[in-house]
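Notes to accompany the following structure.
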Amino acid sequence: MRNAMRLSNGFIVTTDNSGAIGEKEQDVVQVPDDVTSYYSSRVTLLEQWAAGAEPEAIVMHNFSSEASWGRYVKGITWLFDELSLPVPPIKGSSETNMPTLQSGVAITMIGAPVRPLADVNTLQWFTYGKPLVGYELLEHPEYIANLLLVKKAIDTNLIGRIWPVGSKGILSEIKKLLGDVAISSSLEVKKTAGPATVILLGISEEHVESAEQHFGPLLEPIVFK
(Lines give C-alpha, C1' and ligand atoms only; values in the text may rest on other atoms or scores of the structure.)
Protein backbone atom coordinates (compact mmCIF):
# COMPACT_ATOMS: atom_id res chain seq x y z
CA MET A 1 0.00 0.00 0.00
CA ARG A 2 1.12 3.57 -0.65
CA ASN A 3 0.67 5.86 2.38
CA ALA A 4 -2.16 3.82 3.85
CA MET A 5 -2.14 2.20 7.30
CA ARG A 6 -3.82 -1.17 7.82
CA LEU A 7 -5.21 -1.65 11.33
CA SER A 8 -5.34 -5.00 13.11
CA ASN A 9 -9.06 -5.32 12.35
CA GLY A 10 -8.38 -4.86 8.63
CA PHE A 11 -9.54 -1.27 8.34
CA ILE A 12 -7.52 1.07 6.11
CA VAL A 13 -6.56 4.58 7.30
CA THR A 14 -5.43 7.27 4.85
CA THR A 15 -4.85 10.98 5.35
CA ASP A 16 -3.86 14.22 3.65
CA ASN A 17 -3.34 17.78 4.86
CA SER A 18 -3.24 21.26 3.36
CA GLY A 19 -1.43 24.26 4.83
CA ALA A 20 -1.37 27.92 3.74
CA ILE A 21 -4.00 27.19 1.09
CA GLY A 22 -7.34 28.90 1.59
CA GLU A 23 -9.07 32.17 2.35
CA LYS A 24 -6.79 33.78 4.95
CA GLU A 25 -4.84 36.90 4.01
CA GLN A 26 -1.45 35.26 4.55
CA ASP A 27 -2.22 32.03 2.68
CA VAL A 28 0.27 31.34 -0.10
CA VAL A 29 -2.46 30.09 -2.45
CA GLN A 30 -5.74 31.99 -2.26
CA VAL A 31 -8.71 29.70 -2.98
CA PRO A 32 -12.09 29.08 -1.32
CA ASP A 33 -12.01 26.66 1.61
CA ASP A 34 -14.29 24.20 -0.18
CA VAL A 35 -11.75 23.95 -3.03
CA THR A 36 -9.02 23.18 -0.49
CA SER A 37 -10.98 20.37 1.15
CA TYR A 38 -12.14 19.03 -2.22
CA TYR A 39 -8.58 18.42 -3.35
CA SER A 40 -7.36 17.19 0.03
CA SER A 41 -10.20 14.66 0.25
CA ARG A 42 -9.45 13.69 -3.37
CA VAL A 43 -5.94 12.60 -2.34
CA THR A 44 -7.23 10.76 0.73
CA LEU A 45 -9.86 8.92 -1.32
CA LEU A 46 -7.30 7.92 -3.95
CA GLU A 47 -5.15 6.45 -1.19
CA GLN A 48 -8.15 4.35 -0.13
CA TRP A 49 -8.63 3.11 -3.68
CA ALA A 50 -4.92 2.35 -3.99
CA ALA A 51 -5.32 0.04 -0.99
CA GLY A 52 -8.41 -1.62 -2.49
CA ALA A 53 -10.70 0.04 0.05
CA GLU A 54 -13.72 2.34 0.20
CA PRO A 55 -14.09 4.89 3.03
CA GLU A 56 -16.68 4.42 5.78
CA ALA A 57 -15.87 7.41 8.01
CA ILE A 58 -14.02 10.74 7.78
CA VAL A 59 -12.16 12.56 10.55
CA MET A 60 -11.31 16.23 9.89
CA HIS A 61 -8.91 18.47 11.82
CA ASN A 62 -9.63 22.12 11.06
CA PHE A 63 -6.99 24.68 12.08
CA SER A 64 -8.46 27.58 10.10
CA SER A 65 -11.50 28.73 12.07
CA GLU A 66 -14.85 27.49 13.29
CA ALA A 67 -16.43 29.26 10.31
CA SER A 68 -14.33 27.17 7.92
CA TRP A 69 -15.80 23.86 9.10
CA GLY A 70 -18.95 24.09 7.01
CA ARG A 71 -17.00 25.16 3.91
CA TYR A 72 -14.62 22.23 4.32
CA VAL A 73 -17.57 19.83 4.64
CA LYS A 74 -18.99 21.37 1.46
CA GLY A 75 -15.80 20.51 -0.45
CA ILE A 76 -15.79 16.91 0.78
CA THR A 77 -19.46 16.56 -0.15
CA TRP A 78 -18.73 18.04 -3.58
CA LEU A 79 -16.17 15.28 -4.27
CA PHE A 80 -18.46 12.40 -3.24
CA ASP A 81 -21.44 13.89 -5.09
CA GLU A 82 -19.36 14.07 -8.29
CA LEU A 83 -18.68 10.36 -7.96
CA SER A 84 -22.30 9.50 -7.03
CA LEU A 85 -21.04 8.03 -3.75
CA PRO A 86 -22.63 8.46 -0.32
CA VAL A 87 -20.77 10.90 1.89
CA PRO A 88 -19.34 9.02 4.89
CA PRO A 89 -20.05 10.44 8.36
CA ILE A 90 -17.72 13.37 9.09
CA LYS A 91 -16.47 14.07 12.62
CA GLY A 92 -13.51 16.00 13.99
CA SER A 93 -12.53 19.22 15.68
CA SER A 94 -11.81 22.88 14.98
CA GLU A 95 -9.23 25.18 16.55
CA THR A 96 -11.33 27.80 18.32
CA ASN A 97 -9.00 28.97 21.10
CA MET A 98 -6.26 30.53 19.00
CA PRO A 99 -6.65 32.56 15.79
CA THR A 100 -4.32 31.31 13.06
CA LEU A 101 -2.68 33.45 10.38
CA GLN A 102 -2.82 30.77 7.69
CA SER A 103 -5.32 28.06 6.82
CA GLY A 104 -4.77 24.44 7.78
CA VAL A 105 -6.86 21.30 7.45
CA ALA A 106 -6.23 17.55 7.65
CA ILE A 107 -8.64 14.95 6.30
CA THR A 108 -8.44 11.30 7.38
CA MET A 109 -10.55 8.49 5.96
CA ILE A 110 -11.17 5.10 7.57
CA GLY A 111 -12.23 2.43 5.12
CA ALA A 112 -12.68 -1.27 4.59
CA PRO A 113 -11.01 -3.38 1.89
CA VAL A 114 -13.48 -4.33 -0.86
CA ARG A 115 -11.20 -5.28 -3.78
CA PRO A 116 -8.20 -7.60 -4.19
CA LEU A 117 -4.95 -5.99 -5.32
CA ALA A 118 -3.31 -7.29 -8.49
CA ASP A 119 0.42 -8.04 -8.55
CA VAL A 120 2.13 -4.85 -9.78
CA ASN A 121 4.59 -6.89 -11.85
CA THR A 122 1.84 -8.43 -13.99
CA LEU A 123 0.53 -5.07 -15.22
CA GLN A 124 1.48 -2.48 -17.81
CA TRP A 125 1.89 0.95 -16.24
CA PHE A 126 0.60 4.30 -17.45
CA THR A 127 0.40 7.88 -16.25
CA TYR A 128 -2.99 9.54 -16.29
CA GLY A 129 -3.04 13.34 -15.98
CA LYS A 130 -0.26 15.92 -15.83
CA PRO A 131 1.66 17.16 -12.77
CA LEU A 132 0.19 20.44 -11.51
CA VAL A 133 0.54 22.38 -8.28
CA GLY A 134 -0.88 25.57 -6.75
CA TYR A 135 -2.56 27.93 -9.19
CA GLU A 136 -1.78 25.57 -12.08
CA LEU A 137 -4.78 23.51 -10.99
CA LEU A 138 -7.08 26.48 -11.52
CA GLU A 139 -5.44 27.42 -14.83
CA HIS A 140 -5.39 23.92 -16.39
CA PRO A 141 -8.21 21.76 -14.98
CA GLU A 142 -8.29 19.85 -18.27
CA TYR A 143 -4.95 18.22 -17.33
CA ILE A 144 -6.16 16.83 -13.99
CA ALA A 145 -6.89 13.09 -13.81
CA ASN A 146 -10.66 12.63 -13.82
CA LEU A 147 -11.73 10.65 -10.75
CA LEU A 148 -15.10 9.74 -12.21
CA LEU A 149 -13.37 7.97 -15.11
CA VAL A 150 -11.05 6.25 -12.63
CA LYS A 151 -13.98 5.12 -10.49
CA LYS A 152 -15.80 3.69 -13.52
CA ALA A 153 -12.62 1.86 -14.59
CA ILE A 154 -12.22 0.36 -11.11
CA ASP A 155 -15.84 -0.76 -11.01
CA THR A 156 -15.58 -2.47 -14.41
CA ASN A 157 -12.18 -4.07 -13.68
CA LEU A 158 -10.64 -2.10 -16.53
CA ILE A 159 -7.63 -1.31 -14.34
CA GLY A 160 -5.82 -3.60 -11.93
CA ARG A 161 -4.11 -1.07 -9.66
CA ILE A 162 -3.98 2.67 -9.08
CA TRP A 163 -1.30 4.72 -7.39
CA PRO A 164 -1.70 8.48 -6.83
CA VAL A 165 1.32 10.73 -7.44
CA GLY A 166 2.08 13.31 -4.76
CA SER A 167 4.65 15.94 -3.97
CA LYS A 168 7.71 13.81 -4.82
CA GLY A 169 6.67 13.24 -8.42
CA ILE A 170 6.12 10.39 -10.85
CA LEU A 171 9.59 8.82 -10.71
CA SER A 172 9.57 8.60 -6.91
CA GLU A 173 6.20 6.83 -6.91
CA ILE A 174 7.23 4.42 -9.67
CA LYS A 175 10.26 3.45 -7.60
CA LYS A 176 8.05 2.80 -4.57
CA LEU A 177 6.00 0.46 -6.72
CA LEU A 178 8.59 -1.30 -8.84
CA GLY A 179 11.97 -0.71 -7.26
CA ASP A 180 14.96 1.20 -8.60
CA VAL A 181 13.94 1.53 -12.24
CA ALA A 182 14.63 4.14 -14.91
CA ILE A 183 11.77 5.47 -17.00
CA SER A 184 11.08 7.69 -19.98
CA SER A 185 8.05 9.97 -20.16
CA SER A 186 6.89 13.13 -21.92
CA LEU A 187 5.99 14.49 -18.46
CA GLU A 188 8.24 16.08 -15.85
CA VAL A 189 8.83 12.97 -13.77
CA LYS A 190 10.33 14.79 -10.76
CA LYS A 191 7.76 17.59 -10.56
CA THR A 192 5.22 17.57 -7.75
CA ALA A 193 1.75 16.50 -8.81
CA GLY A 194 0.13 18.49 -6.00
CA PRO A 195 -3.16 16.86 -4.97
CA ALA A 196 -2.61 13.79 -7.16
CA THR A 197 -3.31 15.47 -10.49
CA VAL A 198 -1.41 12.47 -11.93
CA ILE A 199 -2.37 8.88 -11.15
CA LEU A 200 -0.35 5.80 -12.05
CA LEU A 201 -2.58 3.11 -13.51
CA GLY A 202 -1.68 -0.57 -13.77
CA ILE A 203 -3.55 -2.22 -16.62
CA SER A 204 -3.48 -5.84 -17.79
CA GLU A 205 -2.47 -6.38 -21.40
CA GLU A 206 -5.93 -7.46 -22.56
CA HIS A 207 -7.49 -4.22 -21.27
CA VAL A 208 -4.97 -1.71 -22.61
CA GLU A 209 -6.86 -0.84 -25.79
CA SER A 210 -10.16 -0.36 -23.94
CA ALA A 211 -8.42 1.75 -21.29
CA GLU A 212 -6.89 4.00 -23.95
CA GLN A 213 -10.35 4.64 -25.36
CA HIS A 214 -11.81 5.18 -21.90
CA PHE A 215 -9.23 7.64 -20.59
CA GLY A 216 -8.26 9.43 -23.80
CA PRO A 217 -5.04 11.33 -24.58
CA LEU A 218 -4.08 11.99 -20.95
CA LEU A 219 -3.27 8.28 -20.60
CA GLU A 220 0.38 7.75 -21.51
CA PRO A 221 2.44 4.55 -21.30
CA ILE A 222 5.46 4.54 -19.02
CA VAL A 223 8.55 3.40 -20.92
CA PHE A 224 11.11 1.52 -18.83
CA LYS A 225 14.72 1.90 -19.93
Q.
Given the criterion crowded, with 20+ Cβ neighbours inside 10 Å and under 18 Å from K151 (Cα atoms), identify the matching residue among L46, L85.
A. L46
Q) Which members of the stretch 195-225 meet the condition of being under 11 Å from L158 (Cα atoms) and hydrophobic (A, V, I, L, M, F, W, C)? A) L201, I203, V208, A211, F215
Q: Tell me which of these D180 doesn't satisfy, since it passes every other one: (1) at pLDDT 95 or above; (2) more than 20 Å from T15 (Cα to Cα).
A: (1)
Q.
Restricting to the stretch 8-34, give me the number of residues that are within 24 Å of N146 (Cβ to Cβ), crowded, with 22+ Cβ neighbours inside 10 Å and more than 14 Å from the chain's Cα centre (by Cα).
A. 3
Q: Just give me the residues in the stretch 133-184 being out of contact with any Gly (no Cβ under 8 Å at 6 or more places or on another chain) and aromatic (F, W, Y), in sequence order.
A: Y135
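The values are calculated or read from the model by the stated rules, or taken from the named source; none is laboratory data. Given the structure is predicted, the values throughout are model-derived calculations rather than measurements. FYI the Cβ positions are ideal-geometry reconstructions off the backbone, even for glycines, and counts take in every protein chain you see.
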